[in-house]
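Q: Just dropping this structure here.
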Amino acid sequence: MAGVNVQRLAYRLLAGPGHAALRNRALEARGFPPAGPASWLTDRLLFLGTLVRAPFARRYRGGRPPGSLVGAYDPAADDPATRAYRSYYVREYFGEELSFVTRSAVPSPASLAARLRGASWLLAGTCLGLLAFFDLSRRRYRWLAASFLDARAFARALPALEKVYVFALYDRRSYLAVSFLHARTRVTVVPVFQNIPLYRNCRFFHMPIPVVMTSAVSAQEAGYFRDRGEFLASAVTYRPHEFLLDVARAGQDAPSVDIGYFSTGEWARRDGLYQVRDPEIVRSGVLRGNPYDRATTEVLEALAGYARERHRTLVIYPHPFERTLMSEHGIEPPYAALEDGTWVRIDRSGEPNSRLRVREPRVAVSIQSSFIWERIDLGLDRSYVFEFEDPERNPFLREALGPYERNVYRSTTELMARLDEAFGPSASRSLDAPRET
């Protein structure tokens, strides 16, 4: 059995046999949970050990059945802020109150049948955990333990659940939760997609069920990928703003800044995409020079030059990761050198992220920030995201964007033209020009 693909067996067991090829593509495209074991043996031991100890772990005791017939699932549902965002979104758009079903609070079922249902999924996962030792490949399995524990939690919650909203569809665990509920239960499952384009990891969807899109761009893409036979959702409902709670908090003040650059901290990420845990690695500068960092530097220098020449205010909004590096570790971003005290500054507010300031700039620019897509949903069309020459580096496919292709720029020359167009005849008058003394 050397090399047996236990991952595919798990997919079939949890998600059913239907549309297997597309289902596997959908799962392979979605990312792993952030952390993974360092070795083959550690991975297998943790996969099996997590399942074996589950019935005895204190954190799996004392859960109660859902308080309503409407449940919710999110891999980060143990975080109170995540629960607040998800509850507010569903309450405002669908008028329903949520009860979260999570592997860390497994319901205590009222019937023996429910207990047996939960035990069967735990046993199935344990058997696969043993079988995984016969797979000598470098496949990662530890993350699958969470999906079998999710299946156990859902099975024990039945029949109290009639509907479940599932969030964070870019995560394999969420996709397997949707697949399990659709294939193995009679629960109505409502997948709610995130506020970023589908192309990079969510364009494959194998289930003919209705879905909810929180981004106008994603709703546009869904039709394109459906026509290609890659996205099989039977219907798409558009309900904007995944983080609707923050939109309500932000208000609707008029722009107070000319240009806003929303950073994603490419200079401090491995390969420009992946966050590192050790701030000293960031401080050493070894992560610099990746293609995303180089593009960021070029765009920011061009924006700073434009701001000074045209007397426009430019505010750079750091990513939450950058804010932590600055406030907790004293690590300044490389673009701090662009601050001049007059036309260019960094938003150094104590806020954990920039969402409450997403309306602040008249024109918004980024390399890859999701705030560009969020602004489009707010009707702030002067929002522009960079397109790399290498299509593999982009989170979107230009031809799938439809009318939102206008929000993409390919060079600083093109971006400068967009800025001139946005500001119109008042080319040298700033919204917030410093006063002369």
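Q: For region 75-118, what class follows from the C-alpha gyration tensor (a ≥ b ≥ c being the square roots of its eigenvalues): rounded when a/c is under 1.5, otherwise prolate if a/b is larger than b/c, else oblate?
A: oblate
Q: Okay, next question. Hey, if we sort C202, C127 by accessible area with the 1.4 Å probe, largest down, what's the order? Intermediate results must be reported in sequence, preceding the final value.
A: Details: C202 0, C127 75 Å².
The residues order as C127, C202, largest area first.
Q: Quick one: in the chain, what % of C-alpha pairs are over 29 Å apart?
A: Details: 49728 of 95266 pairs.
Of the Cα pairs, 52 percent sit more than 29 Å apart.
Q: Compute the label zone of L356 within region 82-117: residues whose backbone N is under 16 Å from the point 7 Å along Cα-to-Cβ.
A: Output list for this probe position: 85.
Q: Roll a 1.4 angstrom probe over the protein heavy atoms and tell me the percent of accessible area of region 286-338 that is carbon or sulfur. All intermediate terms of the calculation are to be shown ahead of the outcome.
A: Details: 1080 of 2110 Å².
Using a 1.4 Å probe with all protein chains present, region 286-338 comes out at 51 percent carbon and sulfur.
Q: Averaged per residue, what accessible area in Å² does region 249-367 show with a 1.4 Å probe, protein chains only? Let's see the in-between values first.
A: Details: 5230 Å² over 119 residues.
Here the per-residue accessible area is 44 Å².
Q: Now a separate question. What FRET efficiency would be calculated for the residue pair L41, E414, taking the C-beta separation as r and a Förster radius of 56 Å, to the nearest 0.05? Could the numbers behind the result be given before it?
A: Details: r = 51 Å, r/R0 = 0.92.
The calculated FRET efficiency here is 0.65.
Q: While we're here: Helix 80-94 versus the longest principal axis of the chain: what angle, 0 to 90°, nearest 10, using Cα atoms?
A: The answer is roughly 90 degrees.
Q: Now, a different point. Could you sort T413, T102 by their accessible area in this structure, using a 1.4 Å probe and putting the largest first?
A: Working: T413 105, T102 10 Å².
Reading off the accessible areas and sorting them downward yields T413, T102.
Q: For a label point 7 angstrom out from the Cα of D381 toward its Cβ, which stretches of region 348-373 have the backbone nitrogen within less than 15 Å?
A: Once the point is set 7 Å along Cα→Cβ of D381, 363-364 turn out to lie under 15 Å by backbone N, inside region 348-373.
Q: Which value in nm describes the separation of the simple spin-label points at R406 and L273, placed 7 Å from the Cα toward the beta carbon?
A: Distance between the two pseudo-spin positions: 3.1 nm.
Q: While we're here: Going by alpha carbons, how many degrees (0 to 90, nearest 10) lie between the helix axis of 320-329 and the longest principal axis of the chain?
A: Roughly 80 degrees, rounded to the nearest 10.
Q: Considering the zone a paramagnetic label at A336 would reach in this model (a point 7 Å from Cα along the Cα-to-Cβ line), which residues of region 262-279 have amide N under 14 Å from it?
A: Hits in region 262-279 for A336 at 14 Å: 268.
Q: Let me know the shape class of region 106-217, please: from the alpha-carbon gyration tensor, a ≥ b ≥ c as square roots of the eigenvalues, rounded when a/c is under 1.5, otherwise prolate if a/b is greater than b/c, or oblate.
A: On the way: a/c = 2.72, a/b = 1.20, b/c = 2.27.
It is oblate, given that a/c is not under 1.5 and a/b is not larger than b/c.
Q: While we're on this one: Pick from G350, G31, G272 the residue whose mean-square fluctuation is largest in a GNM of the chain, springs joining Cα atoms under 10 Å.
A: Between G350, G31, G272, it is G350 that shows the largest mean-square fluctuation.
Q: Once the piece of chain linking E309 and R398 is laid out straight, how much longer is it, given 0.36 nm per residue of separation minus the C-alpha distance between them? Each step should come with its number before you reach the end.
A: Values: separation 89, 0.36 × 89 = 32.04 nm, distance 3.15 nm.
That pair, E309 and R398, stretches by 28.9 nm at full extension.
Q: Hey, with R₀ at 30 Å, roughly what FRET efficiency would E421 and I209 work out to, going by the Cβ-Cβ distance, to 0.05?
A: About 0.10, to the nearest 0.05.
Q: Report, for the chain, the % of DSSP beta bridges that are antiparallel, rounded to 5. Mind showing how you got there, number by number?
A: Values: 2 of 37 bridges.
Around 5 percent of the beta bridges assigned by DSSP in the chain are antiparallel ones.
Q: Right, something else. Nearest 10 degrees, 0 to 90: what angle lies between the long axis of helix 142-157 and the longest principal axis of the chain (Cα atoms)?
A: For helix 142-157, the angle is close to 70 degrees.
Q: Still on this model: Could you do me a favour and compute the accessible area per residue for region 135-229, 1.4 Å probe, result in Å²? Please list the in-between numbers first.
A: Numbers: 2990 Å² over 95 residues.
I get 32 Å² per residue for this part.
Q: OK, next. Taking the Cα centre of the chain as the origin and placing charges on Cβ (Lys, Arg +1; Asp, Glu -1), which of A219, P109, F231 is farthest toward the positive end of the dipole?
A: Of A219, P109, F231, it is P109.
Q: Placing +1 at every Lys and Arg Cβ and -1 at every Asp and Glu Cβ, with all other atoms neutral, what dipole size does the chain have around its Cα centre, in debye to the nearest 20?
A: Values: 59 positive and 49 negative charges, 484 e Å.
Charge dipole of the chain: 2320 debye, to the nearest 20.
The values are calculated or read from the model by the stated rules, or taken from the named source; none is laboratory data. None of the values given here were measured: they were computed from a predicted structure. Please note: Cβ atoms are built from the backbone with ideal geometry, for glycine as well, and neighbour counts cover all protein chains shown. Surface areas here come from the heavy atoms of the whole protein model, side chains and all, with no ligands, DNA or RNA. Shrake-Rupley method; radii C 1.70, N 1.55, O 1.52, S 1.80 Å.
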